[in-house]
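All remarks here apply to the structure that follows.
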């Protein structure tokens, strides 16, 4: 295929995908369209024409969103595109394209977890007010339940759940431990959760140290292991001995209930998200590969509940 033929083929496919995405209408023969778009990638890359490649990648990513394909990978590629466009001074182009993505998906939104309804489409404040009751069986087990990650970020930065987020995370403090020893403590805690019928057992099919709480809110409530070692605080997957325990303890109650907040929430947020944590980032994408290397001794254990 000549360069002129490639440009013509891409323009045709781009118009086809963009038209159906904007109208939120089903693509006729979607697999054929996807294969046709994918087939253009290598020939276009060989041309070393950055503008043409940008057109191709936008077409491909919008197709993925329209068809609800590979959310984690698509989310990551959108983040990389945002960074690349910013480096090239094309922030306005990315903003315009991402608006197309959001319109295509509405009322859903792309997150690393899937194409989901976010708190912006739900009563986020109402969810926050019900968390104590939903977590009561977990709280009864006696381990401190600390608001964590995006939920903590939203509370501190915006006074509530973030509109483009779709789950609520909690760190469960397991006491004094080492990275090598905390896995057994976390598995023991899992047994208690299972015995008290607190867990969504479907989530245990994936061997990861994140436990999902059964709830009536229609959202994911995730539990992550946290511990202290020689005066340093750790919580999977963001922080390994990076903070003094004085940044976390003594814990503070959220609205007088049993859900707890760290003593210095901004310090934990800066460590987790960087110094720009106060700036909203709808495409924040966590570097799981780095975390898996850092927490490797813990991840060698079996967290499937078997």
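Where a number appears in this text, it was derived from the coordinates with a stated rule and is not lab data. From a predicted model like this one, the values you see are computed outputs, not experimental measurements. Counting neighbours? That spans all protein chains shown, and the Cβs are built from the backbone with ideal geometry, glycine included.
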### Summary
For the chain, longest principal axis from Cα atoms; helix 3-23 axis from its Cα atoms; angle between them, nearest 10 degrees, is 50
### Query
Which FRET efficiency, nearest 0.05, do residue 191 and residue 136 yield, Cβ-Cβ r, R0 22 Å?
0.70
### Task
Provide the convex hull volume over Cα atoms per residue for segment 190-265, in Å³.
132
### Summary
the chain: antiparallel bridges as % of DSSP beta bridges, rounded to 5, reads 65
#### Entry: Net length gained if the chain between residue 23 and residue 2 were fully extended (0.36 nm per residue, minus Cα distance)
4.4 nm
### Summary
Once residue 103 and residue 121 are pulled to full extension, the length gained, defined as 0.36 nm per residue separation minus their Cα-Cα distance, is 5.1 nm
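Over every pair of different alpha-carbon atoms in segment 123-299, take the mean of 1/r and invert it; report that Kirkwood radius in Å. Walk me through the intermediate numbers first.
Values: mean 1/r = 0.0606 Å⁻¹.
One decimal place: 16.5 Å for the Kirkwood radius.
How high is the FRET efficiency from residue 11 to residue 281, r the C-beta distance, R0 35 Å, rounded to 0.05? Could you put the intermediate results ahead of the total?
Numbers: r = 32 Å, r/R0 = 0.92.
The computed FRET efficiency comes out at 0.60.
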#### Entry: Mean shadow area of the chain, taken as a quarter of the surface of its Cα convex hull (nm²)
17.6
### Query
Based on the Cβ-Cβ distance of residue 270 and residue 49, what FRET efficiency does E = 1/(1 + (r/R0)^6) give at R0 = 30 Å, to the nearest 0.05?
0.15
### Query
Can you give the Rg and Dmax of segment 210-306 based on its C-alpha atoms, in angstrom?
15.0, 42
## Note on the structure
Of 146-153, 185-192, ordering from highest average Cβ density within 10 Å down gives 146-153, 185-192
### Task
Take peptides 222-229, 127-134 and line them up by average Cβ neighbours within 10 Å, highest first, as a rough protection proxy.
222-229, 127-134
### Query
What angle, in degrees between 0 and 90 and rounded to the nearest 10, separates the Cα long axis of helix 50-66 from the longest principal axis of the Cα atoms of the chain?
60
### Message
Suppose a student asked you for the relative contact order of segment 3-116, using Cα pairs under 8 Å spaced at least 6 residues apart; what percent would you report?
### Response
28
### Task
Starting from 0 in steps of 5 Å, tell me what percent of the Cα-Cα pairs of segment 88-210 lands in each bin.
2, 9, 14, 17, 17, 16, 10, 6, 5, 3, 1, 0
### Task
Specify the angular offset, from 0 to 90 degrees and rounded to the nearest 10, of the alpha carbon long axis of helix 91-105 from the longest principal axis of the alpha carbons in the chain.
80
### Query
Hey, how much of the P(r) for segment 1-154 falls beyond 21 Å, as a percent of Cα pairs?
56
### Message
Run the helix sum for the chain: -39,500 (n - 2.57) per DSSP H stretch of 4+ residues, divided by residue count, reported at 222 nm to the nearest 500 deg cm²/dmol.
### Response
-15000 deg cm²/dmol
## Note on the structure
If each part is reduced to its alpha-carbon centroid, segment 228-267 and segment 288-306 end up apart, in Å, by 21
